[in-house]
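Here the structure comes first, spelled out in structure tokens, and everything after it is commentary.
The values are calculated or read from the model by the stated rules, or taken from the named source; none is laboratory data. The shown structure was predicted, so the numbers you read here are calculated from the model rather than taken from an experiment. Here Cβ is always computed from backbone atoms with ideal geometry, including for glycine, and neighbour counts include all displayed protein chains. Side chains are part of the model used for accessible areas, which takes the heavy atoms of the whole protein and leaves out ligands, DNA and RNA. Shrake-Rupley method; radii C 1.70, N 1.55, O 1.52, S 1.80 Å.
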Amino acid sequence: MIAAARNEEESLQLAIRLPESELLSVSVSKPECKSTGQSLPAPSVCVVGNVPVDYPSNYYSTRQKTSLRFLPQVGPACDGWIGFWPDPLIPLNTSTDHAATAHEEIAKLKNSTWSSDSAKLAAYGKYSLVPVEQGQTRALWLSFTVPESAKAGVYSGFVQLADQSGKEKYHVVYRVKVFDFSIPTKPVYGAIYDIRLGKFAQSDVPDEEKQITEFLASKKLCGDSLPASVSITYDKATGKATANWDKFDKVAHWYFDELGIRYSYTPNGLFYLFGWGMPPRDSEGEKPYAGEYPYDKADRSQLRPEYKKAYQAKLRCFWEHVKAKGWDKNFILYISDEPFYSQPQIIDQMKALCAMIHEVDPNIPIYSSTWRHIPQWDGSLNVWGVGHYGIVPATQLEKTKARGDRIWWTTDGQMCLDTPYCAIERMLPYWCHYYGADVYEFWGSNWYTYDPFRYGWHSYIEQSDSPTNHYHVRYPNGDGYIFYPGHLIGLNGYVSSVRMEQAREGLEDAACLVLLKHELDRCKTKDSAAYKKGLDVWNRTGDLVPIPTPGGRYSGKILPRPEVIDQLKYEVAQAIVLLQSENGK
């Protein structure tokens, strides 16, 4: 049995292992509740695809000649292994009339040579067929959506597996318990996954970024910025900047008000300034410092007045507009990715750039994925992207928040394919809740270097983190993407993954935690059984997310008993029902 609140989605896996190879047809009934006479929507059904991994995850860098084959030169940094890993969720068409399916078409499918396990599953999926190979386990993934109108109760249904003659071979009953409360339709914490239209983008698909945004939102996730930039024209003679906001405003209204997404970076092409150990970008043809790039002898604390004037004019034009629209609480200015804080010139550079921004408006939120707390930047940055695993002590997190700054978790390189329990994806919202971070961000939702259905690892890419430092690097397996491009296996749209569904689960868990905390706070009788039960569950759930903790590529250490998280989620829901009964809804 699985359990869910209203407005929640819940998943169930069914593992199939047979003594001999077989092609099974799948039918799934709607969940029905005898006591209420209601039914839930029929679940969506997917087959779990398997992706090969050639070597366990780490960051593997090299300075070898490009004429040589690049291979990892150091050991892994994860708890995974070489082999096949379950991740893509291939949709299965369970509405097909199997009796009408032509036998020759099935034979054609069975005898075809496929480029990947996922392509094979997608083709069979058109006929609601699941190939199960002898000695191998095949998993079905059922996703149940509980609408706001659903009544509390236990709903049951069945999964039927039949052979090609239509004869039932296996009949599995499932149950879905619906709790008598609702979680909000909008996520209680932000979960940012950057949208990157690079390799495998569909040039013939209009507004693909918008479609990806909608897909992410369907799983309570969001992209890095709303899918509409704006051209701001700067007049050097007058020092003024102007823009046409018509398209931008329509998209912003859809993004914030209709989809309910809470945050967006300001347009990166306009206001992002530097990464790693690089100097700032030019602005309207104006250089940030006197002299020539890379400004080795420049005083990084002193920006050229012409540079400041151009950048500030554009920023002022943008900020005044979004402030007038009431969106200033939604936009975050992402200034720098992983700045090299060990270099004195970068320390000075960041302070000067933040001062330039805050001269426009001291309330502009400036974000940087620093990973650590950098004391020299107190008073400059006010949204800190730090590591959740102890790189910043919990005591410093409290000091940062007490100063009025905000905490975000930055998570690059941790959501890899080859770690067994997807603990970081599921539990990051718990770390948000218990330590006062309102967002976690991951650097990519759809960054691919190979066909991700066929290869679970990345190619070596050329990279520079400073003007003079050039090398090649292979990123962790699965890093940079959390869903799959369906068109690569003949499907329309985008294919979810085990990791993506766990990210959604974590955000829904967090919604229950927020509701539990609300009920505990408003409970008047602190010695009641309901209050004691709720407080006990609250404390035990918080114990799952200590600081420090192992990094995200070690999910077996973060969550050595993965069943605990679902057991506690069930107890959280029970405690909410008891407290609401005592407190009154």
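Here segment 320-335 is the region considered, the condition is being closer than 21 Å to Glu286 by Cα and not β-branched (Val, Ile, Thr), and the residue that is most open to solvent (accessible area, probe 1.4 Å) is Tyr334. Inside segment 276-313, residues that are modelled with pLDDT of 95 or more, open to solvent by 50 Å² or more (accessible area, probe 1.4 Å) and touching a Gly at 6+ places or on another chain (Cβ under 7 Å) make up a count of 1. Of the helices (runs of 4 or more DSSP H) entirely within segment 522-585, those holding at least 3 residues that are of a type in the set (A, V, I, L, M) occupy 529-542, 563-583.
Filter segment 1-26 down to the residues that are over 30 Å from Ile576 (Cβ atoms) and either surrounded by fewer than 18 Cβ atoms within 10 Å (Cβ to Cβ) or without any contact (Cβ under 8 Å) to a residue 60 or more places away in the chain (or both) and list them by number.
Of segment 1-26, the ones over 30 Å from Ile576 (Cβ atoms) are 15-26.
Of everything in segment 1-26, those that are over 30 Å from Ile576 (Cβ atoms) and either surrounded by fewer than 18 Cβ atoms within 10 Å (Cβ to Cβ) or without any contact (Cβ under 8 Å) to a residue 60 or more places away in the chain (or both) turn out to be Ala15, Arg17, Leu18, Pro19, Glu20, Ser21, Glu22, Leu23.
Flag: Trp443 matches the condition of being among the hydrophobic types (A, V, I, L, M, F, W, C) and out of contact with any Phe, Trp or Tyr (no Cβ under 6 Å at 6 or more places or on another chain).
Using the structure shown, decide if Lys126 is open to solvent by 40 Å² or more (accessible area, probe 1.4 Å), within 30 Å of Arg504 (Cβ to Cβ) and at pLDDT below 95. When the stated conditions are applied, Lys126 passes them. Listed by position, the strands (runs of 3 or more DSSP E) inside segment 130-205 whose residues that are closer than 30 Å to Glu582 by Cβ number at least 1 are 137-145, 153-162, 168-182.
In segment 387-428, which residue that is in a helix (DSSP H, G or I) and among the hydroxyl-bearing types (Ser, Thr, Tyr) is surrounded by the most Cβ atoms within 10 Å (Cβ to Cβ)? Working first, answer last.
We begin by selecting, within segment 387-428, every residue in a helix (DSSP H, G or I); these are 394-402, 423-428.
Cutting the leftovers down to among the hydroxyl-bearing types (Ser, Thr, Tyr) gives us 395, 400.
Details: Thr395: 9, Thr400: 20.
Checking each candidate, the answer is Thr400.
The set of residues in segment 311-346 being among the basic types (Lys, Arg) and in a loop (DSSP other than H, G, I, E, B) consists of Lys329 alone. For segment 84-106, the count of residues that are under 25 Å from Tyr155 (Cα atoms), at pLDDT 95 or above and of a type in the set (Val, Ile, Thr) is zero.
Residue by residue, here is whether (1) closer than 20 Å to Glu338 by Cβ; (2) part of a loop (DSSP other than H, G, I, E, B) holds:
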residue: Val251; (1), (2): no, no
residue: Tyr255; (1), (2): no, no
residue: Arg262; (1), (2): no, yes
residue: Arg281; (1), (2): yes, yes
residue: Glu292; (1), (2): no, yes
residue: Ala298; (1), (2): no, yes
residue: Ser301; (1), (2): no, yes
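The residue pairs whose first member lies in segment 59-75 and is within 18 Å of Cys416 (Cα to Cα), whose second member is open to solvent by less than 80 Å² (accessible area, probe 1.4 Å) and of a type in the set (A, V, I, L, M), and whose beta carbons are closer than 6 Å, counting only pairs six or more residues apart or on different chains, are Ser61/Val473.
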